[in-house]
Amino acid sequence: MKGGQRTGTAVTVALETEVCERLMRTAASAKSEARAVLRAKIVLAAANGIANGAIAREPDVSVNTVRKWRGRFAAQGMDGLRDAQRSGRPRSYGPEVRVAIVATATSMPPHPEATWSHRAIAQRVAGTCFAPVSASQVGRILADLDLKPHKVRGWLTRRDTHDSWQRAAAVCALYLDPPEGAVILSIDEKTAIAARSRRHPGRPARPGEPVRQEFEYRRHGTASLVAALDVRTGEVLTEVIRRNDAATFTAFLDQLDLAIPPGKEIHVVLDNGSSHTARHTETWPAAHPRRHVRWPRRTHPGSTRSSSSSPPSPAESCGTAIRQPRRPDRQAGDLRDRAQRDRQALPVDLRRQPAQSRMSPAAVGRNPH
């Protein structure tokens with residue numbers, strides 16, 4: 001708008017090109033508010049020099065309405081077409097009540113409650129500020145501040161170690177820029193999987209009806225699964241296990257070592273599971289030099305081995321950081337035999353389930369292209 005001047009009783013309205021195009025889009029829009037469309041048409045007609053009475057006849061409004069929006073646009077521009085700030089009803093609760101509600105919602109609830117409810121917050125505030133605030137008002141104030149004290153999310157506190165960020169950076173660098181020709185495996189277990197089967201078969205989808213699945217099921221106990229993800233190809237090698245211990249885990253590593261071609265370098269990323277950090281597992285890389293295991297945990301006191309390194313030296317293996325079993329050959333054989341018996345005794349084989357995603361061991365480490 002270039003400006004507005006009074007000539008007699010009407011206000012002259014002059015529009016800039018950009019403002020005129022904006023008003024024309026609003027007036028022709030089918031999704032804009034009706035009041036915004038009316039005000040835009042009044043201003044456009046006033047800019048064309050039409051009198052207030054003629055402008056009021058087409059939309060069937062009073063001349064005072066035309067005069068109001070014509071004058072407000074001439075004085076304030078596009079901001080003048082917005083609704084003015086209304087005073088409304090005075091606030092029933094002062095800022096101290098809002099502060100008390102926020103302070104209560106962000107504090108720990110009293111024992112034995114696990115989370116705050118709107119009613120409990122209202123009762124606490126009524127006893128603190130002597131303000132009879134309702135539970136619904138508490139909900140409106142918390143919603144306005146995006147505070148949800150009734151929701152709880154899990155959180156894992158990171159150990160305060162000096163090399164935590166270095167170890168995380170090393171794993172990220174391995175994922176982002178893996179060595180040429182190497183196999184990057186991320187291995188983990190899923191324990192206590194409920195093995196269930198439906199009592200009756202489901203129904204396929206029909207026009208207007210989704211797939212129906214039987215609600216009742218039969219329990220077949222639980223099972224555990226260990227899986228190795230090839231980070232490059234996305235392929236997964238799985239194995240159903242009976243026990244989640246070091247013996248079973250190293251037996252799975254032996255299978256991977258046989259499945260992957262001998263000429264490939266292998267990098268393994270593990271978490272802090274007990275089967276991954278056991279002494280028996282930590283001594284396993286010594287017999288497999290081509291494997292580079294990323295130990296994502298704090299090293300033992302007195303250990304000089306880094307958290308992501310090659311197999312330990314004999315001096316480290318005999319020290320206080322990693323102790324060898326008294327009869328390693330016999331004990332290792334017993335552990336492998338026990339793992340084999342456990343796998344054979346598993347009552348429910350998840351590998352036969354159609355939803356289980358598996359791959360051939362020969363495909364591990366194969367280039368997808």
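Every number in this text was worked out from the coordinates using simple rules, so none of it is lab data. This one's a predicted model, so the numbers in the text were calculated from it and none came from an experiment. Neighbour counts are summed over all protein chains in view; Cβ atoms, including those assigned to glycine, are modelled from backbone coordinates with ideal geometry.
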Checking rank on 140-151, 207-218, 76-87, 44-55, with mean other Cβ inside 10 Å and highest first, the result is 44-55, 140-151, 76-87, 207-218
Taking a crude spin-label model, label points 7 Å out from Cα along the C-beta direction, the Ala173 to Val102 distance in nm is 4.3
Per the rule of 0.36 nm per residue minus the C-alpha distance, extending Phe215 to Ala51 adds in nm 51.8 nm
Proxy exposure order for Phe73, Phe252, Phe130 (fewest C-beta within 10 Å first) is Phe130, Phe252, Phe73
Each label sits 7 Å from Cα toward the beta-carbon; between Met24 and Arg158 the label points are separated, in nm, by 5.7
In whole angstrom, the spacing between the Cα centers of segment 201-235 and segment 50-75 equals 66
Rounded to the angstrom and largest first, Cα extents along the principal axes for segment 3-81 equal 36, 27, 19
When all Cα-Cα pair distances of segment 95-144 are considered, the percent exceeding 16 Å is 27
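Could you give the length gained by full extension between Lys31 and Met78, i.e. 0.36 nm per residue of separation minus their alpha carbon distance, to one decimal place?
So the chain would gain 15.0 nm between Lys31 and Met78.
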Full extension between Arg86 and Arg232 adds, at 0.36 nm per residue less the Cα distance, a length in nm of 46.5 nm
Note: segment 32-147, point scatterers on Cα, Debye, no solvent; log10 I/I(0) at q = 0.13, 0.15, 0.19 Å⁻¹ equals -0.63, -0.69, -0.90
